[in-house]
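Sharing a structure here in structure tokens format.
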Amino acid sequence: MLIDFPIKANRRCAWLLLSLCLFIIGCDKRESLPDENSTYYWRTEWRLDSVESSFLSQYHIDKVYCRYFDVVMRDSVPMPNATIRFADQVPQDLEIIPTIYITENCMHQHHDGLARRMVERILQINQTHDVSGVKEIQIDCDYTARSRKVYYDFLSEVRAEAKKHGLRLSTTIRLHQLSMPEPPADYGVLMLYNTGDPQKFQERNPILDIRDVQPYLRYLSDYPLPLAAAYPVFRWQRTIYGVHIDHTVEASEILRVKQAVEQKRPEFRHTIITYHLDNENINQYNTKEYEAIYCH
């Protein structure tokens with residue numbers, strides 16, 4: 001009996017360990033995002049010059065989150081604004097993800113039919129400008145605790161409408177939104193830019209500062225929605241209190257943040273996104289720095 005007990009206990013421990021592993025695997029519903037390089041396009045006219053086209057090719061970027069239009073409140077009704085104009089044809093080998101920015105005040109109340117009309121407008125733009133191969137749409141909103149419920153209901157409606165056309169749905173996630181329940185989307189893009197207060201420019205860089213990111217790292221490991229990360233490659237020119245400020249982010253700071261979030265969330269190494277594609281932004285960093293940012 002004394003000899004048999006350790007054997008039985010070991011068997012029991014083995015079964016418990018196996019059951020625990022199966023439970024953990026079953027509970028982790030996060031999909032593994034593919035290894036790919038992407039970028040945002042946040043201009044009101046689609047036109048790629050030779051520098052931008054070369055950038056896409058050099059860093060193997062075959063997916064672009066392209067802002068199609070904004071949705072803003074006008075006379076108490078949500079309306080499209082600043083719709084993109086396609087001056088050039090979209091390259092056939094480039095996957096476009098129509099991205100819609102909707103202002104937070106649009107989500108202070110429900111708007112019947114808004115999700116359907118928005119998806120229909122996206123499809124109409126695709127058809128008019130021969131944008132083919134679209135597999136996904138993205139919604140961008142700086143929702144708060146006040147607007148979260150309405151926004152999540154809206155996302156559920158958008159997701160259902162998108163599914164009718166074989167499209168999946170992603171949404172942006174800001175750092176302060178990580179403490180909230182996850183939105184009803186297929187995955188989220190964590191916006192690792194505009195992390196600080198632009199009025200406090202003398203203290204920290206409001207575009208990105210590791211000190212503004214660190215308090216939110218504790219939410220990453222357990223956040224249930226699959227996530228990709230978007231990093232800033234843009235500059236600000238602002239005048240605050242009569243002082244002209246040219247904000248830029250050093251590549252070293254981007255890489256510090258990248259390393260910190262990847263330690264907490266290894267899947268961030270897969271899908272890497274920059275914000276945003278523009279000739280001037282491209283010239284901010286050298287080839288070695290961009291290769292480090294886009295490193296998987």
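The values are calculated or read from the model by the stated rules, or taken from the named source; none is laboratory data. As the structure is a computational prediction, the values presented were derived from the model and not from experiment. Positions of Cβ are backbone-derived with ideal geometry, glycine not excepted, and every protein chain shown enters the neighbour counts. These accessible areas exclude ligands, DNA and RNA; they are computed on the full protein's heavy atoms, side chains included. Shrake-Rupley method; radii C 1.70, N 1.55, O 1.52, S 1.80 Å.
Could you count how many residues in the range 175-190 are surrounded by 19 or more Cβ atoms within 10 Å (Cβ to Cβ) and free of Cβ contacts under 8 Å to residues at least 40 places away in the same chain?
So the count comes out to 1.
From the list VAL249, VAL233, VAL257, VAL261, which one is of a type in the set (A, V, I, L, M), in contact (Cβ under 8 Å) with a residue 24 or more places away in the chain and in contact with a Ser or Thr (Cβ under 7 Å, 6 or more places away or on another chain)?
Result: VAL233 is the single residue among VAL249, VAL233, VAL257, VAL261 that is of a type in the set (A, V, I, L, M), in contact (Cβ under 8 Å) with a residue 24 or more places away in the chain and in contact with a Ser or Thr (Cβ under 7 Å, 6 or more places away or on another chain).
Of everything in the range 114-151 that's touching a Phe, Trp or Tyr at 6+ places or on another chain (Cβ under 8 Å) and assigned to a helix (DSSP H, G or I), which residue is most open to solvent (accessible area, probe 1.4 Å)?
Out of the qualifying residues, it is ARG121.
Looking for whichever is more than 23 Å from TYR59 (Cα to Cα), of a type outside the set (Lys, Arg), open to solvent by less than 30 Å² (accessible area, probe 1.4 Å) and touching a residue at least 60 places away in the same chain (Cβ under 8 Å) here; the options are LEU225, LEU277, LEU217. Which one fits?
Testing whether each residue is more than 23 Å from TYR59 (Cα to Cα), of a type outside the set (Lys, Arg), open to solvent by less than 30 Å² (accessible area, probe 1.4 Å) and touching a residue at least 60 places away in the same chain (Cβ under 8 Å) leaves just LEU225.
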